[in-house]
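Engineer: Structure in structure tokens, see below.
The values are calculated or read from the model by the stated rules, or taken from the named source; none is laboratory data. Just so we're clear, the structure is a prediction, and the values are computed from it rather than from any experiment. Glycine gets a Cβ as well: all are built from the backbone with ideal geometry, and neighbour counts include every protein chain shown. With ligands, DNA and RNA removed, areas are computed over all heavy atoms of the protein, side chains included. Shrake-Rupley method; radii C 1.70, N 1.55, O 1.52, S 1.80 Å.
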Amino acid sequence: MDLMKKTKEPVWEYLQSINPETCSRAHFRGNRYNLMSSNSVEYINALSRHARKVTILMLIDFFHATMQQWWLQRRNFSAEATTILTSWADDIVKQNKNTFSNWDARMISSKKCKVKKGTQNVIVDFQQMTCTCRHWQLDDIPCGHVIEC
């Protein structure tokens, strides 16, 4: 940022005016589940490449109808869901459960659990919602150690 301030001060000033929570995972107060992409924008651009040749009102109608269809599909998909997790997160939880099923878990206090396999020891703290492997904190999805506890 110091180099940018020296060489491109208008750009530096613009970046200083932006709230870092809106564009940086490191400063975001919540959790973005490690997803930071513009796939939806790229998908709309690819989808509308032929529609761009029409008048602006027809283009707006096209986008409106497309978004309505997407939201209907999402609503129907969520109505059929069997868990509060997204299918992506549910798959990760199932994979974590299978991966760590043969670890030995023992409660070491009312809020802490020790998970062990061979020489590896991991501590899960349910009060702080932490695991020493740090996956629970990073993704906000229970790692295999938490599931095993």
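Engineer: For a quick protection proxy, order the peptides 133-146, 109-122 by their average other-Cβ count within 10 Å, most packed first.
Structural biologist: Working: 133-146: 18.5, 109-122: 13.4.
By packing density, highest mean first, the sequence is 133-146, 109-122.
Engineer: Just name one of V11, A65, W88: the one whose Cα is farthest towards the positive end of the charge dipole of the chain (beta-carbon charges, Lys/Arg +1, Asp/Glu -1).
Structural biologist: Most positive-ward Cα: W88.
Engineer: Say a paramagnetic label sat at a point 7 Å from the Cα of E21, along Cα to Cβ; which residues of the stretch 108-130 have their backbone N under 20 Å from it?
Structural biologist: none
Engineer: Tell me, what is the percent relative contact order of the chain, built from C-alpha pairs under 8 Å that lie six or more residues apart?
Structural biologist: On the way: 117 pairs, mean separation 23.6, N = 149.
Reported as a whole number, the value is 16 percent.
Engineer: Note down the nm distance, to one decimal, between modelled labels 7 Å out along Cα→Cβ at E42 and at K116.
Structural biologist: The modelled label-to-label distance comes out at 4.7 nm.
Engineer: Strictly under 4.7 angstrom between C-beta atoms: which cysteines of the chain have no such partner?
Structural biologist: Cysteines lacking a close Cβ partner in the chain: C23, C131, C133, C143.
Engineer: Same structure again: Which residues' amide hydrogens lie under 5 Å from the amide hydrogen of T130, considering only partners 5 or more residues apart or on another chain, with H built in the peptide plane?
Structural biologist: D125
Engineer: Hey, another quick one. In units of 2.2 N^0.38 Å, what is the alpha-carbon radius of gyration of the chain?
Structural biologist: Numbers: Rg = 22.8 Å, N = 149, 2.2 N^0.38 = 14.7 Å.
The value comes to 1.55.
Engineer: Give me a comma-separated list of calculated 3J(HN,Hα) values for the stretch 54-67, in order, Karplus coefficients 6.51, -1.76, 1.60 applied at θ = phi - 60°, integers in Hz, x for any Gly or Pro.
Structural biologist: The phi angles translate into 9, 5, 4, 5, 5, 5, 5, 4, 4, 5, 4, 5, 5, 5 Hz.
Engineer: Please turn the phi angles of the stretch 125-141 into ³J(HN,Hα) values with the Karplus equation 6.51 cos²θ - 1.76 cosθ + 1.60 (θ = phi - 60°), one per residue in order, whole Hz, x for glycine and proline.
Structural biologist: Taking θ as phi minus 60°, the curve returns 10, 6, 6, 8, 6, 10, 9, 5, 6, 6, 5, 5, 5, 6, 9, 6, 10 Hz for the stretch 125-141.
Engineer: Could you check the simple spin-label distance between F77 and D125, using points 7 Å along Cα→Cβ, in nm with one decimal?
Structural biologist: Those two pseudo-labels are separated by 3.7 nm.
Engineer: Something else about it: Quick check on packing: order 2-10, 61-69 by the mean number of other C-beta atoms within 10 Å, highest mean leading. Before the final figure, lay out the partial values.
Structural biologist: Values: 2-10: 9.7, 61-69: 12.1.
Ranking the peptides 2-10, 61-69 by packing returns 61-69, 2-10.
Engineer: Could you give the size of the charge dipole of the chain about its Cα centre, using +1 on the Cβ of each K and R and -1 on the Cβ of each D and E, expressed in debye and rounded to the nearest 20?
Structural biologist: Numbers: 20 positive and 14 negative charges, 55 e Å.
Dipole of the chain, to the nearest 20 debye: 260 debye.
Engineer: Which percent of the accessible heavy-atom area of the chain goes to carbon and sulfur, probe 1.4 angstrom? Spell out each step's value before the answer.
Structural biologist: Values: 6580 of 11860 Å².
Answer for the chain is 55 percent, counting heavy atoms of protein chains only.
Engineer: Right, something else. Per residue, what accessible area does the chain have, given a 1.4 Å probe and all protein chains present, in Å²?
Structural biologist: On the way: 11860 Å² over 149 residues.
Ligands and nucleic acids excluded, the result is 80 Å² per residue.
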